Amino acid sequence: MHLKIFLSFNFNKMNKKILLALIAFFIVTNLATAAYFLIKQNSKHGDKEVKIDILKDNEPIVENVATGTSIDNSSIDQIPLVIEPGGEELQINWLNKMEPIIINNSEYESKNPELGKFFRSGTIATGKYAGGDLVMAIISEMGDSVVRGVLLNGKFIILAGQSSGGWDFWAGEKAFGTDVSVDEKSLIKNLEPAQEIIIPNTSNKLIFIGQSLNALGADNKEAFRGQDGSLVYFSGGGLKGSTFEVKGADNTFFDYLLYLDFLPNGGLDNKSYVYQFNIPITTAKGDTVKQEYILRGGGCGSPEFADVKDSDLKVLGTANGAIFYELKDINFTLKDQETPFLQTLYDQYFPGYNTETQEYKEKVSYSNFLSGHPVIFWKDALGRFWEFKDSRYQQAVECGKPVIYLYPEKTTDVNVQVSPAGGFTKTEPAYGNGWNVKATPSGDIYNYGDNKSYPYLFWEGYALGYSQPQEGFVIESSNVEKFLREKLAKQGLVGREIDEFVEFWAPKMTETPYYFVTFVPQVEFDKLAPLNINPKPETVIRVFMDYTPLERPIRVTAQILKTPVRRGFTVVEWGGALHK
């Protein structure tokens, strides 16, 4: 930095000492000014560099230095959190129950009224946080997540390692009237229950998988007591949940999964709880049944346990020590259904699409379908029957109105190819061997195939091997449009993209009081319908929604959505699932 000073005076008349003092003064103030701006530009806390960005009025995203993730700037003024030099093992004096508390958060609540229920669950006994309150915040943004922190001397220190997510909402000093920082390393001693819980009188066990986002476990139903005395609940208050829950020391709940002994690593390698594998089953006759089966671990609208009982089944054979069953009667019909269970499965399965002949494949005959053991069952230690389906007979999901927007940096000829696994049912304009178009930065598309202009490229088709994500949101039908606009913006959609999505999907979500809504991760949708574009775009945003009608609300794990940054040639696609 250069500071230019112009002085006009008669040197001969100026006292020499005064002159030297003036020179020293200007040098010191110049250096101090330079140091100030240098510190502002590159401030450090401990060994972590903290970057401070000045945001423009309508800038939607800022990088959270603490987490490296992009967060929404629409609700609070974002300033990177100060990083505490943590690393302690915290000893807590626990309360018998959580105490609701009020933090001076009026400004925060006015901007985020759906967030922020605070509870005190204990006090810190030792260490640098001694005397502080252990505070837990339940963030209810269409689903729950848990943030734990220490409230000490007017400061809230977030314990990142003991929080299930959502604390980036508070990325800023005085975000709710209290100074906020984050401790990434300190952990609470004896908060979590045992890593394994044995089901009494069996060899089956539950494996700890993490904090339940159903933080308070309001309607849990008791399942059993473990050999260590742990009280285990069915997740979600019934028998259909894919997880179990155990209460932790702070009266919140933690998730467990049943370890399936006959699967590699108990089946826990698949984080989506949809297991696809080969099970060589040896029948009583000594034959081998070896098909690829899919065990679905639940999800809304897809019960994980079959509504069958022992008298409905017969033994098929064994695999890795486990006994597998199949239906005695091929005409077995579920309650409240008119069509036999196996007939329904046969009617709904989609045989696939031959991309070479551009024709749908022919279904196997019903008799061949039945002879191949299309559905088998396994009984767990609690008497529930798990349902396995032959992967050849998958239920298809129809991709409803995916549309593709193109935004090159300058007018460009573009080739677009999309390949849904089950083929197309409709495209506009005609697809041929791909779309060859001219696209402009404003999103206008000129199709060379028919010499017509289009606002976007449209297709519908079938995806195979699809499984609905378990994470998501439960919303009231009256809140659908507001919810969609908020979550679409969170995933990077803007303007007409959001308007046209809402126009198409919102009217379809009015028939029941509630809906479970989820968004398929882009990496998964890329597998269902690969998209290839030449020239290659710098940014690709693909949003694919799935939803399930509900008569009453259910508890689900809140889905974490990230906001991409649109840079360079940008391609945007949105669509949704229409189940067959």
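The values are calculated or read from the model by the stated rules, or taken from the named source; none is laboratory data. Remember, predicted model here, so these are calculated numbers, not experimental data. Methodologically, a virtual Cβ is constructed for each residue, glycine included, from the backbone with ideal geometry; neighbour enumeration extends over all protein chains shown. Just so you know, the surface numbers come from the protein's heavy atoms only, side chains and all, with ligands and any DNA or RNA stripped out. Shrake-Rupley method; radii C 1.70, N 1.55, O 1.52, S 1.80 Å.
For K290 and N96, the difference between the fully extended length at 0.36 nm per residue and the C-alpha to C-alpha distance is 64.5 nm. Here each label is just a point 7 Å from Cα along the line to Cβ, and for F458 and T282 those points are 5.8 nm apart.
For each pair in K221/K290; K363/K426; K389/K562; K155/K189, compute the distance between the two Cα atoms and list the pairs where it is over 30 Å. From K221/K290; K363/K426; K389/K562; K155/K189, over 30 Å: K221/K290; K389/K562.
Placing dummy labels 7 Å off each Cα toward the beta-carbon, the span from K508 to D179 is 5.2 nm. Annotation: Cα Rg of segment 423-580 relative to the compact-globule expectation 2.2 N^0.38 Å equals 1.10. Accessible surface for K290 stands near 130 Å², nearest 10, in the context of the full protein assembly shown (1.4 Å probe).
Please give the contour-minus-distance gain from N190 to I560: 0.36 nm per residue of separation, less the Cα-Cα distance, rounded to one decimal in nm. Can you show the working numbers first?
On the way: separation 370, 0.36 × 370 = 133.20 nm, distance 2.72 nm.
The N190-I560 span can extend by a further 130.5 nm.
The stretch between T339 and T126, if pulled fully straight at 0.36 nm per residue, gains 70.2 nm over its current Cα-Cα span. Legend: distances between Cα atoms for K490/K536; K482/K536; K335/K401; K247/K490; pairs beyond 26 Å are K482/K536; K335/K401; K247/K490. In the full protein context, segment 494-572 carries 49 Å² of accessible surface per residue, based on a 1.4 Å probe and ignoring ligands, DNA and RNA.
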